[in-house]
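Every read-out reported here was derived from the displayed coordinates using simple, explicitly stated rules and does not represent laboratory data. As the structure is a prediction and not an experimental result, all values here were calculated from the model. As a convention, Cβ positions derive from the backbone with ideal geometry for all residues, glycine included, and neighbour counts pool all protein chains shown.
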Amino acid sequence: MSKNEELFQEATGYMPGGVNSPVRAFRGIEMAPRFIREGRGCRITDEDGQEYIDYIGAYGPLILGHRHPSVVAALKEAVDRGTAFGAPTALEVQMAKRVTELVPSVDVVRMVNSGTEATLSAIRLARAATGRDGIVKFEGCYHGHGDSFLIKAGSGALAMGVPDSPGVPASLASLTRTATFNDLASVKRVLAAEPDAIAAVIVEPIAGNMGVVPPAKGFLEGLRELSTSYGALLIFDEVMTGFRVSRGGAQELYGVTPDLTTLGKVIGGGLPVGAYGGRRDLMEQIAPAGPVYQAGTLSGNPLAMSAGLAQLDALEASNAWEQLESTSGLLETGIRNILEELSLPLALNRVGSMMTLFFTEGEVTNFEQATRANTKLHARFFRNMLEAGIHLPPSQFEALFVSLAHEQDDIDRTLEAIRQSLKVTYEV
Ligand SMILES: *Cc1c(COP(=O)(O)O)cnc(C)c1O
């Protein structure tokens, strides 16, 4: 038995499914997950000493790659001053100021400890600010594991939410309406059915959690108009896209300004962080400035702030987003050439350094089309890639992430592995 297998067997005795977050367990892949010992740049090494080129990047946070020297240095310095104080620090002021400078919609920001916490808090604020309880989310969009967000779509856009997980009260789920991504008519139907009931429309401006699905032209603009005309707040969940697709996130890339924005992943430099922010008049309703309660023992933690600030500094100091675009463009072009060479017309979606190869033909513009993907073929491809030393997300419905540490050589090696793995997967 390999060390990975041994560890996984032991882990299942002490943790649900052997992991602390479900996607890590490689369910559906029929193999033990790789237990990672260390990472550097775009490479990671598992407990068996196998090295991989990593395209998970901790599911988004590690945009500079693993163990970036300036992040490590900032962390070491912070550790030497103390790990937590439960009192304000200068680092938090720096971080808040930086976020408001970078993210167009954010005048005032509150730091939390995860993306889930950010979206839960943003929804509470939206409900308080509007005096309404309903929320609209999109089928296939993920906003963390909060009760209100674990809602499957009903049979029609008007259907009441049905909980996706046992333990979510039906009464709470019934406050969540679902609409179809890239389909403004479906949003309009939901809003028009209950014109005074919806507190917020929450969306991943670039969907990343059904695999990557870019917004169609005019979709985000349309959401902005519809939300305003029905008195609902527009929340962009930029936990994945923030600081990744551009300096100011998807809202800067597409020029659409939401009322509230949620952040996470990149902002923490690999430490547990989230944030939510927006218009001053809204954010000043948060305690202690206002009556909407939200708190956190470790919120604004000095280690997390140090790592996050160091990462943002490094991004801004280089032409990070241009470099990410060009490296990711190489990977995309290479994959398209291979697909053509092998006569495999698979759907490939990319925005900046987020990308998904869907094992389905035709375009993928929403959840229904994404779920047409053949997950068995994806699993076979994934296993072949892992054996070839490439660490991809084990689920078809996740984005792969290119980092600043990926270089031409890594992309070339990855493309060769993709060519071979696709050949084996399709037996062509
Ligand atoms: C990852 C993610 C979350 C949840 O963040 P956690 O830190 O895992 O709680 C929320 N929204 C989006 C868009 C995400 O990608």
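What dipole magnitude, in Debye to the nearest 20, does region 241-339 give about its Cα centre under +1 on Lys/Arg Cβ and -1 on Asp/Glu Cβ?
Values: 6 positive and 9 negative charges, 39 e Å.
It comes to approximately 180 debye.
Mind running the shape call on the chain? Use the C-alpha gyration tensor, a ≥ b ≥ c as the square roots of the eigenvalues: rounded below 1.5 for a/c, prolate if a/b tops b/c, oblate otherwise.
Numbers: a/c = 1.58, a/b = 1.21, b/c = 1.31.
The shape class here is oblate.
Cα centroids of region 170-218 and region 44-66: how far apart, whole angstrom?
Each part reduced to its Cα centre gives a spacing of 33 Å.
Dipole magnitude of region 69-316 about its Cα centre, charges +1 at Lys/Arg Cβ and -1 at Asp/Glu Cβ only, in debye to the nearest 20?
With only Lys, Arg, Asp and Glu charged at Cβ, the dipole is about 100 debye.
Relative contact order for region 69-316: what is it in percent, counting Cα pairs under 8 Å that are at least 6 residues apart?
29
Residue by residue through region 218-232, which ³J(HN,Hα) values in whole Hz follow from phi under the Karplus form 6.51 cos²θ - 1.76 cosθ + 1.60 (θ = phi - 60°), with glycine and proline marked x?
x, 5, 5, 4, x, 5, 4, 5, 5, 4, 4, 6, 9, x, 9
Order the peptides 301-310, 403-412, 248-257 from the highest to the lowest mean number of other Cβ atoms within 10 Å of their residues.
Ranked from most to least packed, the peptides come out as 301-310, 248-257, 403-412.
Tell me the net charge near E225. Cut-off is 14 Å between Cβ atoms, E225 excluded, with +1 for each Lys or Arg and -1 for each Asp or Glu.
0
Charges on Cβ only, +1 for Lys and Arg, -1 for Asp and Glu, centred on the Cα centroid of region 69-316; of L220, T180, P302, which one is farthest towards the dipole's positive end?
After comparing all options, I get T180.
If the limit is 21 Å between Cα atoms, which of K97/K265; K76/K97; K3/K265; K137/K217; K188/K217 go over it?
K76/K97; K3/K265
To the nearest 20 Debye, how big is the dipole of the chain about its Cα centre, given +1 on the beta carbon of each Lys and Arg and -1 on that of each Asp and Glu?
Roughly 660 debye, rounded to the nearest 20.
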